[in-house]
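The values are calculated or read from the model by the stated rules, or taken from the named source; none is laboratory data. What you see is a predicted model, and the numbers here were worked out from it, not measured in a lab. No Cβ is skipped: glycine too gets one built from the backbone with ideal geometry, and neighbour counts run over all protein chains shown. Surface areas here come from the heavy atoms of the whole protein model, side chains and all, with no ligands, DNA or RNA. Shrake-Rupley method; radii C 1.70, N 1.55, O 1.52, S 1.80 Å.
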Amino acid sequence: MSELKDLVKKFIEIDDDLNEKIEKELENSEELSDSFEEDNKEQLEELGEIYHEIEHMVFHEEFIIVSNAKSEDHEIVALIISEEDDEKEEFVIPVYTDEDEANEAIAVFKEQFGENEFACDKKVGNEIIADYAEDEGFIGLAINAPQWDFVIGGEDVHDCCE
């Protein structure tokens, strides 16, 4: 398993645990207590550190991207995340850390989109971000979607700290 995949899994585990704590606390109150952040300081800091590591890794990582093989220009599969009544359409580009993850996604896409044929290509994270940076609707990359619920914002992906 790739180091990036391990980091994302760890991030999701910590995030899920914090969300459970938040839900539990909000059962008894309409807002979080003033001490919530201090009580969970270690987890919050670890979450931030892991996300920052992921930002750097995504920049250099080679991903598998899925495209519609029937379209003339092999249009990359994008996941629309905005509501139908939103003015602009927002989307993420799903990227995959290995062939198994890509094949699982293709199976889901085939169920959703019927007769389409899909092809896989490889591309580095910073190149994918650069390809869509000018599109106002582009939010970021969804890593191993739809199996995982992890999106990294396009503006977050970077090589080094400034």
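Working only within region 1-22, note down all residues that are open to solvent by 60 Å² or more (accessible area, probe 1.4 Å) and either assigned to a loop (DSSP other than H, G, I, E, B) or over 30 Å from GLU55 (Cα atoms) (or both).
Of everything in region 1-22, just one residue is open to solvent by 60 Å² or more (accessible area, probe 1.4 Å) and either assigned to a loop (DSSP other than H, G, I, E, B) or over 30 Å from GLU55 (Cα atoms) (or both), namely MET1.
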In the set GLU25, GLU45, GLU72, the lone residue that is part of a helix (DSSP H, G or I) and loosely packed, with under 12 Cβ neighbours inside 10 Å is GLU45
Find the strands (runs of 3 or more DSSP E) located wholly in region 78-159 whose residues include 2 or more that are open to solvent by 40 Å² or more (accessible area, probe 1.4 Å), on the phi < 0 side of the Ramachandran plot and out of contact with any Cys (no Cβ under 9 Å at 6 or more places or on another chain), and list them. 118-124
Working carefully through the options ILE50, ILE65, find the one that is surrounded by 14 or more Cβ atoms within 10 Å (Cβ to Cβ) and outside any helix (DSSP H, G or I). ILE65
